[in-house]
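Accompanying notes for the structure given below.
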Amino acid sequence: MSEQFPLVINFQGDYGMKLLLVDPQATLDHVVELAKDALIGVVVKPLPEGTKLIVRRHGESSPLDSSKKVADFGFVKMEALDIVHSV
């Protein structure tokens with residue numbers, strides 16, 4: 001198992017950002033699932049059926065390729081990512 005990598009997650013509908021420790025070899029799709037498991041029903045209302053989520057660097061509008069691994073992006077520790085509803 002790889003050393004855990006800290007990311008700051010800004011999940012749409014949450015009141016604030018959260019620290020999430022992830023495996024650098026995990027895909028962003030897996031990061032989204034970890035965030036959903038930790039937040040949905042706790043601090044975020046359940047999402048409507050079929051809600052698609054995208055990941056982007058905080059403050060940027062372009063989505064990241066969620067099939068790529070965390071390590072592939074060259075994130076710095078504590079990099080902030082937005083997980084938002086796809087339009």
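Only the coordinates and a few stated rules stand behind these numbers; no lab work does. As the structure is a computational prediction, the values presented were derived from the model and not from experiment. Cβ placement follows ideal geometry from the backbone for every residue including glycine, while neighbour counts extend to all protein chains displayed.
Between SER66, VAL44, LEU7, the Cα set farthest toward the positive side of the dipole of the chain (charges on each charged residue's Cβ, about the Cα centre) is that of VAL44. Spread over its residues, the convex hull of the C-alpha atoms of region 12-87 is 97 Å³ per residue. Residues in region 44-50 carry Karplus couplings, in order, of 10, 4, x, 7, x, 3, x Hz; the curve used is 6.51 cos²θ - 1.76 cosθ + 1.60 with θ = phi - 60°, and Gly or Pro positions show x. For the chain, lysine pairs with C-alpha atoms less than 14 angstrom apart, excluding pairs fewer than eight positions apart on the same chain, total 4. When you restrict to C-alpha pairs under 8 Å that are six or more residues apart and normalise by the size of the chain, the relative contact order lands at 39 percent.
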